[in-house]
Amino acid sequence: MSGFTADRLPGAAAWRYVYLFIQAGSTMLLYVGLAHILSAEAFAAAATAQGVLLIAQVVGDFGLSQAAVTALPARVAASRGGSERLLGGAALAFVVAAGAALVLALISVVFLPSSVFWPVVLVAPAAALMVFVAGADGLLRGAGEFRRPVVFVAASRLGGFLALPVAALTGSASAACGALSVGTLIGSIGPVRLVARRARGAEVRAARDFAHASVPLGVSQVLILLGSRVNTLILAAGTSVTAAAVFDAAWRLYHVGHYAVGSLATAIAPFAADAIGARRARVLARLTWRTLLVMALGGAVLGAAVLVWREPLGQLLFDELGLRAAKAVVPLIVVLPLTLCGLVALATLSASDVDRRIVLMGYAIGSVLNLGLVVYLAERHGAYGAALAAAVGLAVTNAILLVAHFRLVRRVSAPAPSSSGAAGAADSGD
């Protein structure tokens, strides 16, 4: 019997919300804490190192953690056996990804000023450790376990706060980044052991097949990351650093909605994947329709609240940049219900080998639109123009994903062929 039954979904969603709250909240607290403790010059170096850490983690992971909660459950459900082989291959892929994240972080120092050499070198091990944490989260959720990932991420992020007292004692960005890696290592022992144990004796072929399934998701994640970073860089280079900071603040304000409502969409990912792999069409349709309704209504209510209270909220979070961020965030808030619904489509499409390519296509089209518009709009309207360009790109991307989602649900509902092509029609990946 499948472990992804309807009665487990509320608990999975609750644990997922806690996970995302810890993940996002700890990142913000560490960032703000270092900003208040270190000098402006030292903080700039530490902030640059944290940016490298984020990029190395995302590029190193390259969609594996997303595939672990979408493609993996679908394949396990469709295989009717061989789950240990599939899980072992996925774990081995995460071990390789952790090494890639470490190497990427270290290589980045070649392209950065010498003033951030040691902060980046010392923070680099944390990139690999965070891939292990994401890997343990994906493997456990992909197998139907939702509580232990929260324990793992809490321990890992709590360890990273060792950077704050070290920064206060030394005033050094290098020492703070080194302490971040040491603390993260101590807090990440559990997920490292879990992934390494699962990877022991795993088949290289199984790891390669799993990594191949994650490639469209990995490219999509890089496009998502570049979407916000490119707009920030264009503003900083062509308008002003202040305009770039305003856009970054607006982007963070927009993402409040994703953390507040979007946790449910990420929580249903393994449930939807299991239903797709086992061709339980009614379960899939009921699950996704209900979640889409929650996303649309929740996004509309939250978006309206942010629009009404955006100025005091912006000032509370971003001080003197708050009023400008409150204006820039408007286009992003308008598309919030659509982008939240797009998370549901992302969860289902990522489970299908055929439709996973549509995810990549959708994000590629949206990124191209954003890039084409931001050059024109940012020059004339600053941070607001950059936010408008991003909103157009997001709207087009998520419209494409939603159309593909409904086609996938309809296809799963069709009778399965009796021939050997049944697996392909189910899009299970096996």
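Highest mean packing comes first when the peptides 396-406, 296-306 are listed by Cβ atoms within 10 Å, giving 396-406, 296-306.
With θ taken as phi - 60° and the Karplus curve 6.51 cos²θ - 1.76 cosθ + 1.60 applied, the whole-hertz 3J(HN,Hα) list for the range 117-131 is 4, 5, x, 5, 4, 6, 8, 4, x, 5, 5, 5, 5, 5, 5 Hz, x standing for glycine and proline.
Applying the Karplus relation 6.51 cos²θ - 1.76 cosθ + 1.60 with θ = phi - 60° to the range 324-330 yields 3J(HN,Hα) values of 5, 5, 5, 6, 5, 6, 4 Hz, where x marks Gly and Pro. Quick one: grab the alpha carbon gyration tensor of the range 273-395, order the square roots of its eigenvalues as a ≥ b ≥ c, and give me rounded if a/c is under 1.5, else prolate or oblate depending on whether a/b is larger than b/c. It comes out oblate by the Cα gyration axes.
Charged side chains reduced to their Cβ positions (Lys and Arg at +1, Asp and Glu at -1) give the chain a dipole of some 1160 debye around its Cα centre. Averaged over its residues, the chain has an accessible area of 43 Å² per residue, based on protein heavy atoms and a 1.4 Å probe. Measuring nothing but protein heavy atoms, the accessible surface of the chain at 1.4 Å probe radius is 69 percent carbon and sulfur. Descending by average beta-carbon neighbour count within 10 Å, the peptides 127-140, 181-194 line up as 127-140, 181-194, the highest first. The residue list 269, 195, 386 was ranked by how far each Cα lies along the charge dipole of the chain toward its positive end, using unit charges on Cβ atoms, and 269 comes out on top.
Residues in the range 59-65 carry Karplus couplings, in order, of 5, x, 5, 6, x, 5, 5 Hz; the curve used is 6.51 cos²θ - 1.76 cosθ + 1.60 with θ = phi - 60°, and Gly or Pro positions show x. Ordering 54, 108, 65 by Cα displacement along the dipole of the range 1-122 toward the positive end leaves 65 in first place; charges were set at the Cβ atoms of Lys, Arg (+1) and Asp, Glu (-1). Answer rounded, prolate or oblate for the range 125-215, using the Cα gyration tensor with square roots of eigenvalues a ≥ b ≥ c: rounded when a/c is under 1.5, else prolate when a/b is larger than b/c, else oblate. In terms of gyration-tensor shape, prolate.
Note on the chain: with a GNM built from Cα contacts shorter than 10 Å, the maximum mean-square fluctuation among 72, 64, 180 falls on 180.
Answer rounded, prolate or oblate for the chain, using the Cα gyration tensor with square roots of eigenvalues a ≥ b ≥ c: rounded when a/c is under 1.5, else prolate when a/b is larger than b/c, else oblate. Because a/c hits 1.5 or more and a/b fails to exceed b/c, the chain counts as oblate.
Rolling a 1.4 Å probe over the protein heavy atoms leaves residue 343 with an accessible area of roughly 40 Å².
The values are calculated or read from the model by the stated rules, or taken from the named source; none is laboratory data. Values in this document were obtained by computation on a predicted structure and should not be read as measured data. Cβ atoms come from the backbone with ideal geometry, glycine included; neighbour counts cover every protein chain shown. Surface areas here come from the heavy atoms of the whole protein model, side chains and all, with no ligands, DNA or RNA. Shrake-Rupley method; radii C 1.70, N 1.55, O 1.52, S 1.80 Å.
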